[in-house]
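All remarks here apply to the structure that follows.
The values are calculated or read from the model by the stated rules, or taken from the named source; none is laboratory data. All values reported here derive from a predicted model rather than from experimental measurement. Methodologically, a virtual Cβ is constructed for each residue, glycine included, from the backbone with ideal geometry; neighbour enumeration extends over all protein chains shown.
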Amino acid sequence: MAKQASVTQSMSGLHTWAGLIVGWLLFAIFLTGTLAVFDKELNWWMQPELHDTGLDQVSAVRVAESWLRERNPDASAWNIGLPTERGPSLSVSSGEQRRGQRTQLDADSGEVVVPRETLGGNFFFHFHYTLHMPRSIGIWVVGFAAMAMLVAIISGVIIHKKIFKDFFTFRPAKGQRSWLDGHNASAVLLLPFHLMITYTGLAIFFLIYMPAATDVLYGGDREALFSELRPGNEQQVERAGRAGEGGRAPRAEVPAAQMLPLEQFIGRGEAYYGEDMLGSLSVSNPDRANARVEVRPVMGTRLELTKGESLVFNAITGEVVGAPQPTRTTLLTQKVMAGLHFAQFGGYAMRWIYFLCGLISCAMIASGLVLYTVKRRRQVKSDTRWLRQAEWLNVAVIGGLMFACTALLWGNRMLPANMAERELWELRVFFGGWLLALVHARLRAPLRAWAEQLTLIALLLLAMPVLDMLLAPKALDGLRLSVDASAAAMGLILGWAAWRVVCQPQAVKKTAGETKKIRTSRTGVTS
Amino acid sequence: MSVSLFVAVFVVAYSGMLACCLGMERHWKKRASRLPTSWRRYCRPLGVLLLALAAYLAMQLWPLAMAWVAWLGLISLSGLGLLFLLPYAPRLALSLPVLAVVLLVIGAIWV
């Protein structure tokens, strides 16, 4: 019995400290990760110059092909980014895809559109796993936080005394009791999600976090590992497809040839990947005898993460020269885990499930952080200096990051569209906003800081549809309106939270009274 | 992807969680004490059945592997929704399945 108690106690300590120390990091990781579920939609929202012409992919390819043939007939490759459900824009580039600057085209007129430079929703995605630090450092910090999250989840399950009895229990307006109920419920009911998202997040970078096996078996040569993992040698097929049958022969030596119209490959790609599942199309050695057409699916045709997969055709005869090989089971295991984390499958319904689950993870982490301070406030022995630090850091991270994200969206609309170094300015708005929130949190009393920041964020989010109507009225389409509406909905929730903070005079008095009691008892002891 | 089927999966999952919840003594006493006590023991089997039905419906909406992911997500979310509705709007929490069925029927007739 005594031993049992000590296990629970030590687990409780572990949970508190693992949770508290990385809790602030975790909140930032989870919130940006949740927003990144809709990264493409945010990309689209953040470039209001682009508009949805509603053109189907076949016609879009026709427009892009004639544009490319006219401007870049001698390019080594043409790349066409197709309009999709999540980003109805048409973009083209020529040359090596990675280096090539993408040009946005108006799908109706075939004219070039120059959208504003923006960090886009991609920012949230990159921040999610690097925290905007240098990539390799960021991945390690995030990995450390994720490990601590696993520790917190497991120790949390161990210390939860009534995991089944309290399964559906939430008792509101009872101070610490309510915070604990809320924290427990959001953790227990979404336990599968928390575990899955944390574990699969770690599994994505398995080679970075656990390189020992590769070091021993392959002498650290990752290419060697991957060529064994992919026995079909998908990469070789791709490379052959790109370079053409003539190997790396100079372009001029290969005779010109008539390609099949590119739009034909859309139908053939869809026959393979399913309707509306294509994301891009590229041509290597266009209008030459060794021309190849490659169609790539959008991610999410299945659970497995299919990044970089493609179907390759001979552009002259139209025969398939390279199809993706089924992934070997070992690699498939990892790729399915990565797929589960990336949530590209299952359409918008699945995307919303992930988004809501992500929001609840954020709330779970935030409630844990707040619970720590609420609990400490009531403990007579607690060190008030550390409590004070935790209190303002809570506001600075939870409120501050939400403010920074909102500020970034506002900044996207408010900064002049043709500003030089615009992306940098958006970055300044984001981190500047966060810094302001941090200073504010440090200067104000905790409850007041909470109330003020939450109110401000709620108002900014609620005003987003209005802002959008005023500053980019022509750009409003279904996708952007959904972003605005979702922002406003989150504004409502945060507004409710702010109202709860403001309109709790009793609770405030109670805690104030308690701190006073703590102080007097302390002074009593010292004197 | 059919929206009404998605709503249906959610509602069935919610009803399953509600039945499981009422099967617990604490919640039964608080929310359904007017009903005959003997009914309580049917709650949990009914809940499990409804959750299974939700899984079946999810499989109509997604391929098998994706359906399981969606199902787990949806029962988690509906359970949490139930948890927060219970103290704030207990009547709504209990009548939501009925309301949703009525809405779905009206929707079906409308379309």
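Scanning for something part of a helix (DSSP H, G or I), within 14 Å of chain B (Cβ to nearest Cβ) and surrounded by 17 or more Cβ atoms within 10 Å (Cβ to Cβ), does segment A:303-324 turn up at least one residue?
no
Within segment A:421-430, is even one residue touching a Phe, Trp or Tyr at 6+ places or on another chain (Cβ under 6 Å) and buried (at least 18 other Cβ atoms within 10 Å of the Cβ)?
No: zero hits.
Any idea which residue in segment A:117-171 is farthest from the other protein chains (Cβ to nearest Cβ), counting only those that are among the aliphatic types (A, V, I, L, M) and in a loop (DSSP other than H, G, I, E, B)?
So the residue we want is A:MET133.
Look at A:PHE342 and say whether it is closer than 30 Å to A:VAL501 by Cβ and either within 14 Å of chain B (Cβ to nearest Cβ) or surrounded by fewer than 18 Cβ atoms within 10 Å (Cβ to Cβ) (or both).
no
Please determine, by comparing only the residues of segment B:1-31 that are surrounded by fewer than 17 Cβ atoms within 10 Å (Cβ to Cβ) and in contact with a Leu (Cβ under 8 Å, 6 or more places away or on another chain), which one is farthest from B:PRO90 (Cα to Cα).
That would be B:MET1.
When B:ALA32 is evaluated against the numbered criteria (1) under 11 Å from the mean Cα position of the chain (by Cα); (2) more than 10 Å from chain A (Cβ to nearest Cβ); (3) small (Gly, Ala, Ser), which criterion, by number, is the only one it fails?
Condition not satisfied by B:ALA32: (1).
Could you check A:ARG351 against (1) at pLDDT 95 or above; (2) surrounded by fewer than 21 Cβ atoms within 10 Å (Cβ to Cβ); (3) facing chain B (nearest Cβ under 10 Å) and say which number it fails?
Result: A:ARG351 passes all but (3).
Pull out all pairs, ordered by first then second residue, where Cβ-Cβ is under 6 Å, the residues are six or more apart or on different chains, the first lies in segment B:98-109 and is under 13 Å from B:PHE6 (Cα atoms), and the second is hydrophobic (A, V, I, L, M, F, W, C).
If the second residue must be hydrophobic (A, V, I, L, M, F, W, C), the pairs left are B:ALA100/B:VAL11.
Looking only at residues that are at the interface with another protein chain (Cβ under 7 Å from one of its Cβ atoms) and touching a residue at least 12 places away in the same chain (Cβ under 8 Å) in segment B:62-76, which one is nearest to B:PRO97 (Cα to Cα)?
Of everything passing the filter in segment B:62-76, B:LEU74 is nearest to B:PRO97 (Cα to Cα).
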